[in-house]
Amino acid sequence: MAQLLGGLFTSHVPAIGGAIAKGLQQDPYWRPFFDGFAPVHRWLAAARPDTVVMFYNDHGLNFFLDKMPTFAVGAAAAYRNADEGWGLPVQGNVDGDPALSWHVIETLVDHEFDVTTCQEMLVDHAFVVPLQLAWPGGGKPPVKVVPIAINTVQHPLPSPKRCLALGRAVGEAIRSWPGNARVVVFGTGGLSHQLEGERAGFINKAYDLGCLDALGPDPDALARQSALDIVEQAGSQGVELLNWIAARGALGDDIREVTRNYHIPISNTAAATMLFETRALALA
Amino acid sequence: MATAHQPDLRASHRNIPGTPVFTGAAAQRGYQLNAMCYSFNTAENRAAFLTDEEGYCRKFALTPEQRDAVARRDVLAMIRAGGNIYYLAKLAGIFGLNVQDVGAQQTGLPLEAFKQRLLDSAGED
């Protein structure tokens, strides 16, 4: 069976992609964020994953308000990045794993998650920036990806509880996937930030640090909030924490924190990176 | 219906100061404006907007309120007219503005002061 090796959680601010394009990783503004990835790179080199299941949200590249799925699972052989309108360099195609995608879809529907399936799906910065951070250097990431997009744009959003349950079902799907795939889950976005309204620029360090502390040992505590509680505490876009909660659900209970980093600010965002490994890796 | 034991979690029933929640009602009200901004994922459409803003807005049938907000480059007014920031950011991008410029405008702060406030957030406990 496939092995679920761990989970990487990271902010996906578009400006990070801009900084990568300009080679600003060691610039004083950027360094505190990028330096947080050194232990991630060491871990990925040792863990050698070949597959990523990515929980993220689309920001108006693939999905418009004409059709807005709450949970959408990609089932494409390849995923294409495209122009988002404000100048981020377009990244190359990323390989999909349609067989695993359909296994995830079948498992989810079996668990009564009525997901949208996408055989064509453009992927935006929330998908490509985390891959660039995990595997820097500009080449194609050495993994196949199954994207799972969660609506964090148009309310009502799915509840944190539902996202955690979705992630748990995805974890079950991964662990029951025949073969030798080495899988890592990604949860992207956050932490606290707000782009719109008179409260634009809102950041809540105390809340974020509490979330980072709870994520490993007690994800159910995060899931007892409503999505609007998260909006209130973490800002309108801080609600991307839903992607983290879902990815955390996939990991199961027997995990160990490998590293974490928290830095204010990147653009308008409190940036965070966190990595957990599962017992599957320790036994491997 | 909400009960004493179960708080009303509906997005339309929560008031968070300075925080517009993009509800179904907003998505409905702002549909044309957001559709126009979504079109700006394509470079040709961005160029078409710059060439003939009035004609481009007409093509998307913006409401008078939306058209006025766009003409005045007033982000808070666009949001009141149903605009969603992810789509509006694509309009801002046409003018070379990023989310920090947009944040400064909405908070009424000079850009440097808006950025400083973000830096200062690091010191809070």
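Values in this text are rule-based calculations from the coordinates and carry no lab data. Computed from a predicted model, the values in this text were never measured in an experiment. With ideal geometry, Cβ positions are generated from the backbone for all residues, glycine too; neighbour counts draw on all protein chains shown.
Residues are listed down the side, and each one gets a yes or a no for (1) more than 18 Å from the chain's Cα centre (by Cα); (2) assigned to a helix (DSSP H, G or I):
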| position | (1), (2) |
| --- | --- |
| A:Val128 | no, yes |
| A:Gly139 | yes, no |
| A:Pro142 | no, no |
| A:Ala149 | no, no |
| A:Leu164 | no, yes |
| A:Arg168 | no, yes |
| A:Pro178 | yes, no |
(request) Scan the stretch A:256-270 for residues that are more than 14 Å from chain B (Cβ to nearest Cβ) and either under 30 Å from B:Ala113 (Cα atoms) or surrounded by fewer than 18 Cβ atoms within 10 Å (Cβ to Cβ) (or both) and jot them down. (result) A:Arg256, A:Glu257, A:Thr259, A:Arg260
(message) What are the pairs with Cβ atoms under 7 angstrom where one residue, in the stretch A:196-208, is at the interface with another protein chain (Cβ under 7 Å from one of its Cβ atoms) and the other, located anywhere, is outside any helix (DSSP H, G or I) and hydrophobic (A, V, I, L, M, F, W, C)? Sequence gap at least six, or different chains.
(response) A:Ile203/A:Ile264; A:Ile203/A:Ala270; A:Lys205/A:Ile264; A:Lys205/A:Ala270
(message) List the helices (runs of 4 or more DSSP H) inside the stretch A:199-284, counting only whole elements, that have at least 3 residues being under 22 Å from A:Ala45 (Cα atoms).
(response) A:241-251, A:279-283
(request) Considering only residues that are within 27 Å of B:Ser12 (Cβ to Cβ), in contact (Cβ under 8 Å) with a residue 60 or more places away in the chain and within 17 Å of the chain's Cα centre (by Cα), look in the stretch A:209-226 and name the one that is nearest to the other protein chains (Cβ to nearest Cβ). (result) A:Ala223
(request) Quick one: which residue in B:Gln100, B:Gln28 is assigned to a helix (DSSP H, G or I) and more than 8 Å from chain A (Cβ to nearest Cβ)? (result) B:Gln28
(message) Testing A:Met68 on (1) part of a strand (DSSP E or B); (2) within 12 Å of chain B (Cβ to nearest Cβ), one condition comes back false. Which one is that?
(response) (1)
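Per-residue answers, yes or no, for (1) within 19 Å of A:Gly138 (Cα to Cα); (2) outside any helix (DSSP H, G or I):
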site	(1), (2)
A:Leu4	no, yes
A:Phe9	no, yes
A:Asp27	yes, yes
A:Ala38	yes, no
(message) If I ask for residues that are touching a helix residue (DSSP H, G or I) at 6+ places or on another chain (Cβ under 7 Å) and either more than 7 Å from chain A (Cβ to nearest Cβ) or of a type in the set (Val, Ile, Thr) (or both), which ones from the stretch B:110-125 would you list?
(response) B:Pro110, B:Leu111, B:Lys115
